[in-house]
Amino acid sequence: MTLTSQRQPGADAQPQPAPASPGSGRFGAGAFPWVMSGAVALSVCGASLSLNGVLRGWAWFLPVLTTVVVVSLAMALLRTFRAAPVLVAAGGLVSLAFILTFTFFRRDSFAGFLPSQATLDALGRHLRRASETVLAESSPVAPNAGIVLVTCAALGLVVILVDALALPLGMPATSGLGLLAVLVVPAMIKPQSVGWLGFVVTAAGYLVILACSQWFAPDARTEADTARNPGQIRRAALTGAVTLVVTLLLQLVVPGFDQGTFPQGSRLNPWGTATGLNPMISLGNSLRTPTGEGRITYATNATTPLYLRSVTVDRFDGESWSPDDRNASRRAGTGRMDAGHEILAPEQTRQVTVVNTGDFTSPYLPVPYAPESVNGLTGRWSWDPATLSIKGTDTNSRDQQYLVQSSVPKLTTELLDASSAPVQGVPEEFIRPPSNVPDIVRTTAESVAANSRTAYAKAMAIQRFLRGPDFTYSLESPVQGGYDGNGLSVLADFLTQKSGYCIHFASAMAVMARLEGIPSRIAVGYAPGRQTGATVSVAGQGALPEFEVDARDAHAWPELYFQGLGWVPFEPTPSRGVVPPYAQDSSTSGGASTNDQNNDGLVPSNGATAPSSTAPAPLPLPGGGTADAGNQLAPALYTAAGVLLLVLLAASPRLVRGGIRARRLRGTGTGRNRLAEPPLVWSELQDLATDYGVRPEPSETPRTFSARLRGSPAMRLRAESTPAGPDSANPPDTAIGPDTGSGHRPDAETDRAVTVLTDAYERHQYGRPAAQDGTRRGLPEETAVEHIGQVRRALRRNAGIIGRLRADWLPRSVLVRWGSVAGWPFRVLRRAALGTGHGASVLWRRTRSGLRRLREG
Amino acid sequence: MEPHRRITIDEALPGGQGFTGSAARNVNPLNGHKTVPLEAPAFRAASERILSAINTVIDGKAEAAKLALTVLLAQGHLLLEDVPGVGKTLLAKTLARTIDCSVSRIQFTPDLLPSDVTGVSIYNQSSRQFEFRPGAVFANIVIGDEINRASAKTQSALLECMEEHQVTVDGHSYKLGEPFMVVATQNPIEMEGTYPLPEAQRDRFMARISMGYPDKDSEIEMLETHQATSPLARIKAVVTAADVAAMIATVQQVFVSEAVKEYTVAVGRATRDSAMLRLGASPRSLLQLLRAAKATAALDGRDFVLPDDVVAVAEAVLAHRIILDRKAASTGETPQGVIRSVLARIPVSQEMTDTANAGRTSPELRHTH
């Protein structure tokens, strides 16, 4: 039987020569494809385990498991039937399409698994859903069908990628990249990173892949034939230990592992630039972006600074907060909106605002509170009576221009103070205090509001407390302190550390207000922006001043409900936004001026200085220096990544060349009997010669080429008399005959190497086939490696520095191959054109002779 | 030295076995035993003996000698074409002498009759029967000197013998001995009163060799060594006819791979498609080309044919069969040149060497080979 079957577990562990077995049949691939596919499936499934925490719960795991297993099995099956590598990959893709259709679109397809037009429609819906989820929700996201579909598809592709890297491309070590691509997602999104379970299973699967590759198709370059060789194991252990130590030391030395480009708690947005205002978590990221993305311009006739509000968060239970879509209570159309509760304020201000969202992308529409009508929108939009958030049903806020009419009651301290009536007509979820509130939150709320009677007084007390000198505004300290994000536990940390940014202040006030019996919610949107200097003319209003906001102005603030006055925004965040007059403390008159100062501070942010470093400037922090370092690190990191990419690109011909060489020289069989394929070794010899300027001609027989190579000065020893130096006098490809270049003499060792390789190739190519001959065809792997190495050394010795560099980095053999691939369409076109021309000329000749014959006859 | 009769019937043919026509191809006509192919070392030793024997006589013509031996082992016939006095006949005779077999020589003249070549039936008065008197062609090696001097009728009498290895006289077929080889010489200069070989007949010669003038050293040496005695006197047979038969059997067993067959056909097709040729290589010529290539491979010590073997004999085998286009001939092109340019154009099977490019079998599946 075949080699594979001898290598079954439990079989004799000694490597044995593989007898030639022409009768082993065409299904003789043995267990190898199955073991390998199993390893790939195991590692990818292991990597997907770490996605728990990015996706909520475990319900998503079953579809992922079936997808991965089905794709792996399909590829293993194809490989058993010895399909070409390209076919195997194609089969993997087809099986992926089938299993995805079967899992997600069973009803919208032919026969349950064949995709149809309906499937594509459903796919579009699912993808939209997934993109919405990614834009709107923070991790862990609910595993809805869209997200799970995307996850399954991505993991299926990873399976194909890992498989392709490990088998046909022969780079099993590189297959870890595919697994890494999966692990990167939780590593960047989850605060607790990958998690030990996922990592352990992934690593185990990866090791199995490596073991399988080493077992069934060992690398030609390692001396030891199997991993059981003790030398190999010692080397492996040493390498592993060094890596471990370096990794441990490196993270201590290099700053910015918990900040910088991808601080913990960030998330990846595969749907383009994340300019959308994502509630909660990404708020911190938006604020931290050094460049202002998602620029929105608006023009308004409002006299007070205008907050643009896009969504509210009202549920404070659970681990993470997210906006409630309230899809059930939403109403379509934005022509007329009404908050539903009575406003008893004596005077209401009507405002007209024209908003241009630019590339700000979010399902929610930024509008000033409280909108009464929005006109000029494209797409279908709906609004929620309870929160007045406006959400697109089939569209998003990108490139929208619309006119908002809003009204705010003219509030005064007296009015608010007078509003003492019990709250009515507000949904329960705005009133109910969260369960499991941490003690510190509760005690703080009690102590802060202890002396206050009215709701307004309590609210003011809380705001005063948060704006007090104890609290500092900082974008960085939550990240350093590990409470960047949201949730009740984060709130507790915030109250302990007394340092954070708007979301922390806003949620602290909202939660404490609820504990004190005031209905509250958190509004997310933009703080008032800067004037651009331009004006926009609006019908009926004349020219209105234009303002702009971008990601750096992202903001969150609490809204508290007062009976008869509606939802009233407060501003507990120091140094951000503008405290409304009704919420200003009569005792502390400095509030407004502080804010003015901060707005001034924001204005030069368009200049060259890094805005994030100027924003917290009025309140110097102990960690400010590190924060700056982190911000300056980001461009450096991008530059480094760019340089790395360029280096990789530049090295790619070299990488390709090295890969091709390793693959060609890799023998099959066991131990000392490992045989390399002579045609592949021959190709390697030809390519090697090509790299150093001796290009094989198509009309050359192997023997002729071999003789020419041996005779070329590129291969021959220099006579001692000729001084060593770049041989510009002897361009390698012009000199052919053995007698050219009088300063050269033959190099017996290299000649022998070339001759041996040539003989092996000729015998393989033109000799009797193996079956008749009885002996196994092939060249012992060691011999092949050694001889090719000898030829390479000889060629390198004779090439100049430039020649060597060129052969290493821009090998002609690879470039020629790429060129021929790139030129393929042109060749086809040329052939077609020639064929057409020929056909036309033949036709014309025939017609002409026919006509002549007609005339004569 | 054996005197060369104008028509020699060699007495070495025993028992008329050569005439019976009953001998199978691989039965040695000399002893009736089955011919056993030689092992590689024996083959090499025999071929080296022959070549070195020839080279002692003819100086500086190793290539021509090797080609002549190639043709013998490939069971073909040889046409030696060159100006007088460069050793055409000497080469033919030397080759014949190195082998212990029957040799006959025909000096072609315009009055030579076909029956002189093939043989004739004569009425025997005493037995009152027609008896067949074998002609000059009944020998292992037949040297036909100045073949273009004979009439077309006589020339064509040789045709059947060369192609079929048999003679038909009065309705009877007589098998010729094995090995059988015709070495004809032809003088391209003195063309008056000659009958140039027609294409059909030229096609029956496996190869045509031009001897060419020897180089200076060889010529000096020749002047020295050949003054006193005829060099032929020194030659003794170094192999037997049976040896040659065994060598031929060895050559027949040389393996020809698909790739080489394809290459050979590609060469043939390219000559037919060439704009410079009026007549390209015939299928028979390709067959002969491959047979000559097999003999070359065997002489090189291989049991399989390389494209190099085809290339090595292509000029000698093909050049005398193709006919140049008038335009090409007027520009000074030669058939040899055309063959060379054709060979320089045809790719030698490249599809296997490019496997790294195209989809090759993945490494994990190759271990079951």
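The values are calculated or read from the model by the stated rules, or taken from the named source; none is laboratory data. Being a predicted model, the structure only gives us computed values, none of them experimental. Methodologically, a virtual Cβ is constructed for each residue, glycine included, from the backbone with ideal geometry; neighbour enumeration extends over all protein chains shown.
The set of residues in segment A:480-495 being more than 25 Å from A:A455 (Cα to Cα) and modelled with pLDDT of 80 or more consists of A:D493 alone.
The lone criterion from (1) at pLDDT 85 or above; (2) surrounded by 14 or more Cβ atoms within 10 Å (Cβ to Cβ); (3) not assigned by TED's automatic domain parsing to the domain that holds B:I141 left unmet by B:M276 is number (1). Out of all the residues in segment A:774-792, is one or more part of a helix (DSSP H, G or I), surrounded by fewer than 19 Cβ atoms within 10 Å (Cβ to Cβ), among the aliphatic types (A, V, I, L, M) and more than 14 Å from chain B (Cβ to nearest Cβ)? No: segment A:774-792 contains no residue that is part of a helix (DSSP H, G or I), surrounded by fewer than 19 Cβ atoms within 10 Å (Cβ to Cβ), among the aliphatic types (A, V, I, L, M) and more than 14 Å from chain B (Cβ to nearest Cβ). Considering only residues in segment A:1-37 that are modelled with pLDDT of 50 or more and touching a Leu at 6+ places or on another chain (Cβ under 9 Å), the one that is nearest to A:A145 (Cα to Cα) turns out to be A:S37.
When the test is whether a residue is assigned to a helix (DSSP H, G or I) and either within 14 Å of chain B (Cβ to nearest Cβ) or within 30 Å of A:L685 (Cα to Cα) (or both), A:V816 passes it.
Scan segment A:701-720 for residues that are modelled with pLDDT of 80 or more and either closer than 14 Å to A:T690 by Cβ or within 14 Å of chain B (Cβ to nearest Cβ) (or both) and jot them down. Break it down into steps so the answer makes sense when it comes.
Quick first cut of segment A:701-720, residues modelled with pLDDT of 80 or more only: A:701-712.
Across segment A:701-720, the qualifying residues are A:T701, A:P702, A:R703, A:T704, A:F705, A:S706, A:A707, A:R708, A:L709, A:S712.
Does A:V791 satisfy the condition of being within 51 Å of the chain's Cα centre (by Cα) and modelled with pLDDT under 85? The answer is no for A:V791. Checking each residue in segment A:195-220 for being at pLDDT below 75, buried (at least 21 other Cβ atoms within 10 Å of the Cβ) and not small (G, A, S) picks out A:F216, A:P218.
Within segment B:240-267, the set of residues being in contact with a helix residue (DSSP H, G or I) (Cβ under 7 Å, 6 or more places away or on another chain) and either within 14 Å of another protein chain (Cβ to nearest Cβ) or surrounded by fewer than 20 Cβ atoms within 10 Å (Cβ to Cβ) (or both) comprises B:V254, B:V256, B:S257, B:A259, B:V260, B:Y263, B:T264, B:V265, B:V267.
Note on segment A:541-557: among residues that are touching a strand residue (DSSP E or B) at 6+ places or on another chain (Cβ under 8 Å) and not in a strand (DSSP E or B), the one that is surrounded by the most Cβ atoms within 10 Å (Cβ to Cβ) is A:D553.
Given the criteria touching a Leu at 6+ places or on another chain (Cβ under 7 Å), in a helix (DSSP H, G or I) and not assigned by TED's automatic domain parsing to the domain that holds B:C101, does B:A270 qualify?
Numbers: touching a Leu at 6+ places or on another chain (Cβ under 7 Å): no; in a helix (DSSP H, G or I): yes; not assigned by TED's automatic domain parsing to the domain that holds B:C101: yes.
Criteria not met by B:A270.
The selection criterion, being assigned to a helix (DSSP H, G or I), surrounded by 14 or more Cβ atoms within 10 Å (Cβ to Cβ), assigned by TED's automatic domain parsing to the domain that holds A:V69 and modelled with pLDDT under 80, does not hold for A:T119. The requirement of being surrounded by 18 or more Cβ atoms within 10 Å (Cβ to Cβ) and at pLDDT 85 or above is not satisfied by B:L365.
When we screen A:D759, A:D751 for residues that are modelled with pLDDT of 85 or more and in contact with a Lys or Arg (Cβ under 6 Å, 6 or more places away or on another chain), the only hit is A:D751. The residues of segment A:436-457 that are more than 17 Å from A:P580 (Cβ to Cβ), touching a helix residue (DSSP H, G or I) at 6+ places or on another chain (Cβ under 7 Å) and part of a helix (DSSP H, G or I), listed by number, are A:I440, A:V441, A:R442, A:T444, A:A445, A:V448. Of the residues examined, A:A771 is one that is outside any loop (DSSP other than H, G, I, E, B), surrounded by fewer than 21 Cβ atoms within 10 Å (Cβ to Cβ) and at pLDDT below 70. Across segment A:681-699, the qualifying residues are those that are within 7 Å of chain B (Cβ to nearest Cβ) and at pLDDT below 85, and the one among them that is nearest to A:R817 (Cα to Cα) is A:P698. Within segment A:142-189, restricting attention to residues that are within 14 Å of chain B (Cβ to nearest Cβ) and outside any loop (DSSP other than H, G, I, E, B), which residue is modelled with the highest pLDDT? Here the answer is A:D163.
Considering segment B:216-229 alone, what residues qualify as being of a type outside the set (S, T, N, Q) and surrounded by 12 or more Cβ atoms within 10 Å (Cβ to Cβ)?
Of all residues in segment B:216-229, those of a type outside the set (S, T, N, Q) come to B:216-217, B:219-224, B:226, B:228.
Once the filter is applied, which keeps residues that are of a type outside the set (S, T, N, Q) and surrounded by 12 or more Cβ atoms within 10 Å (Cβ to Cβ), segment B:216-229 yields B:E219, B:I220, B:E221, B:M222, B:H226.
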